[in-house]
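Q: Take this structure, written in structure tokens, and hold onto it; I'll ask about it next.
The values are calculated or read from the model by the stated rules, or taken from the named source; none is laboratory data. Given the structure is predicted, the values throughout are model-derived calculations rather than measurements. Positions of Cβ are generated from backbone atoms using ideal geometry, with glycine treated the same way; all protein chains shown enter the neighbour counts.
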Amino acid sequence: MINSYQKIAIVGTGNVAWHLAPALEAAGYSVVQIYGRQPEKARALANQLKQGRIKTDLDFTNSSARLFILAVSDDAIKEVARQIRLPKESAVVHTSGGQPMDTLTDVPTQQIGVFYPLQTFSKQRAISFENIPICLEASNKEMLDELTKLAEKISNHVQIIDSQQRAVLHVAAVFANNFTNHLLRMSEQLLHDRQLNTTLLHPLVHETVTKALEISPAQSQTGPARRNDQKTIDHHIDYLKAYDPAYAKVYQTLTEHIQSISQE
Ligand SMILES: NC(=O)c1ccc[n+]([C@@H]2O[C@H](COP(=O)([O-])OP(=O)(O)OC[C@H]3O[C@@H](n4cnc5c(N)ncnc54)[C@H](OP(=O)(O)O)[C@@H]3O)[C@@H](O)[C@H]2O)c1
């Protein structure tokens, strides 16, 4: 039988832990312990909480927590799962979009799951959980019900998503967020290197995202690739080859893909 998840321990002190721990506390849960392999980082997070204590080893045998949230780097989940020691009748989740639930099979409990907040988190940026989709998975229905109760206390968008679906969601999220952000960075660099003010692009960036969300990305596409304007495309590629061949390669790949899709 699963106890209520009223008391929670968080393993990890990175971007997700930094936002999730206070959000859980604000929703009425007790974050009783924060594990960090660097005590000063655990202390910084615990200082944000009413009662969180820091922990620098993974032996939680005597912990009062019943839910353990592993908010550690993807490639550390398995290692932490192997090392962690838990009290009886406890449950463990990880917060990764890219890792399947069975990454946790080595934890010393049958109660495993995933609590994936589908958003980009950085410590330096405040964010409200209310509108963040939380994608849940659990090894059994009882645990899923408990996780759902908890997730619904902090978010209005809770969804049950299995490991295979989450893998697809994660790829899509990489395109939507990580690649978009990288392209923004590249475009800023182009302006910056010619002493142009990067804020010139801000209205365009806002309208791009707003329009894509309102009328769909397929209907929103404009530009030389969409128009098959080969003269302009060649001109851009010549400029970029001289600027940085890696930029030219990215431009060419995206252009060819837009052209192939536009012709369908
Ligand atoms: N950031 C996002 O936007 C986001 C969004 C949704 C889900 N996620 C997922 O949430 C999880 C955490 O992401 P994050 O962005 O919070 O990562 P992060 O900021 O890079 O923090 C990673 C945390 O894991 C700890 N860690 C790394 N290797 C460890 C090990 N071998 N043993 C113990 N602790 C270890 C780090 O400790 P040190 O500080 O000592 O290195 C740090 O506390 C990941 O699974 C990620 O995929 C992230």
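Q: When the residues of the range 44-59 are filtered to those that are of a type outside the set (A, V, I, L, M) and outside any loop (DSSP other than H, G, I, E, B), which remaining residue is nearest to the ligand (Cβ to nearest atom)?
A: Going residue by residue through the range 44-59, those that are of a type outside the set (A, V, I, L, M) are 47-48, 50-53, 55-57, 59.
From what is left, the residues that are outside any loop (DSSP other than H, G, I, E, B) are 53, 55, 59.
Numbers: Arg53: 16, Lys55: 12, Asp59: 14 Å.
Among those residues, the one meeting the criterion is Lys55.
Q: Within the range 2-28, count every residue that is more than 20 Å from Asn62 (Cβ to Cβ), away from the ligand (no atom under 11 Å from the Cβ) and not in a helix (DSSP H, G or I).
A: So the count comes out to 2.
Q: Something else about it: Select from the range 163-210 the residues that are in contact with a strand residue (DSSP E or B) (Cβ under 7 Å, 6 or more places away or on another chain) and more than 30 Å from Val93 (Cα to Cα) and list them in ascending order.
A: none
Q: Mind checking which pairs have a first residue in the range 51-77 that is touching a residue at least 40 places away in the same chain (Cβ under 8 Å) and not assigned by TED's automatic domain parsing to the domain that holds Tyr29 and a second that is in a helix (DSSP H, G or I) and surrounded by 22 or more Cβ atoms within 10 Å (Cβ to Cβ), Cβ under 6 Å, 6 or more apart or different chains?
A: Note: no pairs meet the criteria.
Q: Quick test of your reading of the structure: Arg194 fulfils all but one of (1) basic (Lys, Arg); (2) closer than 18 Å to Asp244 by Cβ; (3) part of a helix (DSSP H, G or I). Name the failing condition by number.
A: Of the numbered conditions (1) basic (Lys, Arg); (2) closer than 18 Å to Asp244 by Cβ; (3) part of a helix (DSSP H, G or I), the odd one out for Arg194 is (3).
Q: I'd like the full set of residues that are surrounded by 14 or more Cβ atoms within 10 Å (Cβ to Cβ), without any contact (Cβ under 8 Å) to a residue 40 or more places away in the chain and touching a strand residue (DSSP E or B) at 6+ places or on another chain (Cβ under 8 Å), limited to the range 78-89.
A: Of everything in the range 78-89, those that are surrounded by 14 or more Cβ atoms within 10 Å (Cβ to Cβ), without any contact (Cβ under 8 Å) to a residue 40 or more places away in the chain and touching a strand residue (DSSP E or B) at 6+ places or on another chain (Cβ under 8 Å) turn out to be Ala81, Leu86.
Q: Could you please let me know if Asn197 is in contact (Cβ under 8 Å) with a residue 24 or more places away in the chain, polar (S, T, N, Q) and outside the structural domain of Val93 (by TED's automatic domain parsing)?
A: Details: in contact (Cβ under 8 Å) with a residue 24 or more places away in the chain: no; polar (S, T, N, Q): yes; outside the structural domain of Val93 (by TED's automatic domain parsing): yes.
So Asn197 fails the test.
Q: When the residues of the range 60-81 are filtered to those that are charged (D, E, K, R) and under 23 Å from the mean Cα position of the chain (by Cα), which remaining residue is farthest from the ligand (Cβ to nearest atom)?
A: Start the filter on the range 60-81 by keeping residues that are charged (D, E, K, R), which leaves 66, 74-75, 78-79.
Pick out the ones that are also under 23 Å from the mean Cα position of the chain (by Cα) and you get 74-75, 78-79.
Values: Asp74: 5, Asp75: 7, Lys78: 9, Glu79: 5 Å.
Step by step, filter the range 60-81, then rank; the result is Lys78.
Q: If Val171 passes every condition in (1) at positive phi; (2) surrounded by 11 or more Cβ atoms within 10 Å (Cβ to Cβ) but one, which one does it miss?
A: (1)
Q: Let me ask something else. Would you tally the residues in the range 154-171 being within 14 Å of Ser96 (Cα to Cα) and not hydroxyl-bearing (Ser, Thr, Tyr)?
A: So the first thing to find is which residues in the range 154-171 are within 14 Å of Ser96 (Cα to Cα), and the list is 161-171.
This time we only want the ones that are not hydroxyl-bearing (Ser, Thr, Tyr), so: 161-162, 164-171.
Result for the range 154-171: 10.
Q: Select, from Leu104, Leu58, the only residue that is modelled with pLDDT of 95 or more and more than 23 Å from Gln165 (Cβ to Cβ). Lay out the reasoning, then the answer.
A: Details: Leu104 fails: more than 23 Å from Gln165 (Cβ to Cβ).
Being modelled with pLDDT of 95 or more and more than 23 Å from Gln165 (Cβ to Cβ) holds for just one of Leu104, Leu58, which is Leu58.
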